[in-house]
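**Student:** One structure, pasted below without further comment.
The values are calculated or read from the model by the stated rules, or taken from the named source; none is laboratory data. All figures in this text were calculated on a predicted structure; none of them were measured in a lab. Methodologically, a virtual Cβ is constructed for each residue, glycine included, from the backbone with ideal geometry; neighbour enumeration extends over all protein chains shown. With ligands, DNA and RNA removed, areas are computed over all heavy atoms of the protein, side chains included. Shrake-Rupley method; radii C 1.70, N 1.55, O 1.52, S 1.80 Å.
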Amino acid sequence: STSKTPITGIKQINLDSDNIDDVYYMTEDGKYFIQGTIIETNTRRNLTEDSKSSIRQGIINKFDKNQRIDFFPAEMKHHITVYTDIDCGYCRKLHAEIKEYNDLGIGISYLFWPRSGLNSPSYTKAVNAWCAVDRNEAMTLAQNGLELEPKQCDNPVAEHYESGNKVGVRGTPNIVTDAGELIPTYMPAKNLLLRLEMLAAK
């Protein structure tokens, strides 16, 4: 697909509209193909990142409540999607503080991104958690280091993993806001709340 940019004679080219790594630019005559970032100097706004955020929104919005594991507060002020790996230390730290996030009105939806890839021990642990009778309880037990009973069922773990690759996940935990911003690391609840409130005020 193609779209306009603020630069005369330059179009944005999306080779794959479902992957942030496929955002490029091209002169209208097709003579020059450009790989890089466009930043508006007056506002310092990263226009390329804005386009990537829009792509991320589209990707994570494909997963409804039946395809993720949600930990929501009674009154949700903000919502994030977290790509997690059960064997990741900072993922466990984030989940250990889930009450703090919820107490601040931050709802968390989990998608799995086993860092060692599909058909790895981390992938198997994710499947075991997903296929448990109580997914939320299983997620908490697994994040606390407990070995879950092996389970098999239809599951979206491979889809989670592939979507993570497309939104730019390179490690875990990775946070994606509803605005499509990627926060590529753990962030304490109070710090995250400030970040989300700043985004909401834009």
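**Student:** Tell me the per residue accessible area of segment 2-72 using a 1.4 Å probe; a whole number in Å² is fine.
**Tutor:** Computed with neighbouring chains in place, this is 65 Å² per residue.
**Student:** While we're on this one: When the helix-only estimate is applied to the chain (DSSP H runs of n ≥ 4, each -39,500 (n - 2.57), divided by the residue count), what is the mean residue ellipticity at 222 nm, nearest 500 deg cm²/dmol?
**Tutor:** The helix contribution divided over the chain gives -10500 deg cm²/dmol.
**Student:** Evaluate E = 1/(1 + (r/R0)^6) for K151 and A74, where r is the Cβ-Cβ distance and R0 equals 25 Å; express this FRET efficiency to the nearest 0.05.
**Tutor:** The pair K151/A74 has a calculated efficiency of 0.25.
**Student:** Students sometimes get this wrong: rank M76, M139, M187 by accessible area, probe 1.4 Å, all chains present, largest first.
**Tutor:** Correct descending sequence by accessible area is M76, M187, M139.
**Student:** Once ligands and nucleic acids are excluded and a 1.4 Å probe is used, how much of T124 is accessible, expressed in Å² to the nearest 10?
**Tutor:** Accessible surface of T124 is approximately 70 Å².
**Student:** Ignoring ligands, DNA and RNA, how do E147, E28 rank by accessible area with a 1.4 Å probe, largest first?
**Tutor:** The ranking, largest first, comes out as E147, E28.
**Student:** To the nearest 10 square angstrom, how much accessible area does C153 have with a 1.4 angstrom probe?
**Tutor:** It works out to around 50 Å².
**Student:** Now for a different question. Going by a ≥ b ≥ c, the root eigenvalues of the Cα gyration tensor, does segment 62-159 fall in the rounded group (a/c under 1.5), the prolate group (a/b larger than b/c) or the oblate group?
**Tutor:** It is prolate, given that a/c is not under 1.5 and a/b is the larger ratio.
**Student:** Amide H neighbours of T84 under 5 Å, counting only residues 5+ apart in sequence or on other chains, H built in-plane at 1.01 Å?
**Tutor:** Correct list: L111, F112, W113.
**Student:** To continue, here is another question. Lys and Arg at +1, Asp and Glu at -1: add these up for the other residues within a Cβ distance under 13 Å of Y90 and post the number.
**Tutor:** Residues near Y90 contribute 0 overall.
**Student:** So, one more: Take the alpha carbon gyration tensor of segment 102-181, find the square roots of its eigenvalues, order them as a ≥ b ≥ c, and report rounded if a/c is under 1.5; if not, report prolate when a/b exceeds b/c, else oblate.
**Tutor:** oblate
**Student:** Compute the distance in nm between two label points, each set 7 Å from the Cα along the Cα-to-Cβ direction, one at K99 and one at D64.
**Tutor:** 3.3 nm
**Student:** Further question: For N128, what is the net charge nearby, where nearby means another residue's Cβ is under 13 Å from its Cβ and Lys, Arg count +1, Asp, Glu -1?
**Tutor:** Counting the neighbours of N128, the net charge comes to -2.
**Student:** While we're here: Please determine, in degrees from 0 to 90 and to the nearest 10, the orientation of helix 47-60 with respect to the longest principal axis defined by the Cα atoms of the chain, where the helix direction is its Cα long axis.
**Tutor:** Relative to the chain, helix 47-60 is tipped by roughly 40 degrees.
**Student:** Let me ask something additional. Under the Karplus relation 6.51 cos²θ - 1.76 cosθ + 1.60, θ = phi - 60°, what is the ordered set of whole-Hz ³J(HN,Hα) values for segment 71-82, x standing for Gly and Pro?
**Tutor:** 10, 10, x, 4, 10, 9, 9, 9, 9, 9, 10, 10
**Student:** Cα-based Rg (one decimal) and Dmax (whole number) for the chain, in Å?
**Tutor:** 18.6, 59
**Student:** Could you order D29, D18, D134 so the one with the most accessible surface comes first? Probe is 1.4 Å.
**Tutor:** D29, D134, D18
**Student:** May I pose another question? Please report the spacing between the Cα centers of segment 115-189 and segment 51-71 in Å, no decimals.
**Tutor:** Cα centroid to Cα centroid, the span is 14 Å.
**Student:** Would segment 22-96 count as rounded, prolate or oblate if I go by the C-alpha gyration tensor, calling it rounded below 1.5 in a/c and otherwise prolate when a/b exceeds b/c, oblate otherwise?
**Tutor:** Here segment 22-96 falls in the prolate category.
**Student:** Can you tell me which of A74, A138, A189 moves the most in a GNM of the chain? Springs connect C-alpha atoms under 10 Å apart.
**Tutor:** A74
**Student:** Please report the net charge: other residues with Cβ closer than 12 Å to the Cβ of I7, K and R +1, D and E -1.
**Tutor:** Combined, the nearby Lys, Arg, Asp and Glu give 0.
**Student:** Over the chain, with every protein chain in place, what whole percent of the accessible area is carbon and sulfur at 1.4 Å, could you tell me?
**Tutor:** Its accessible area is 49 percent carbon and sulfur atoms.
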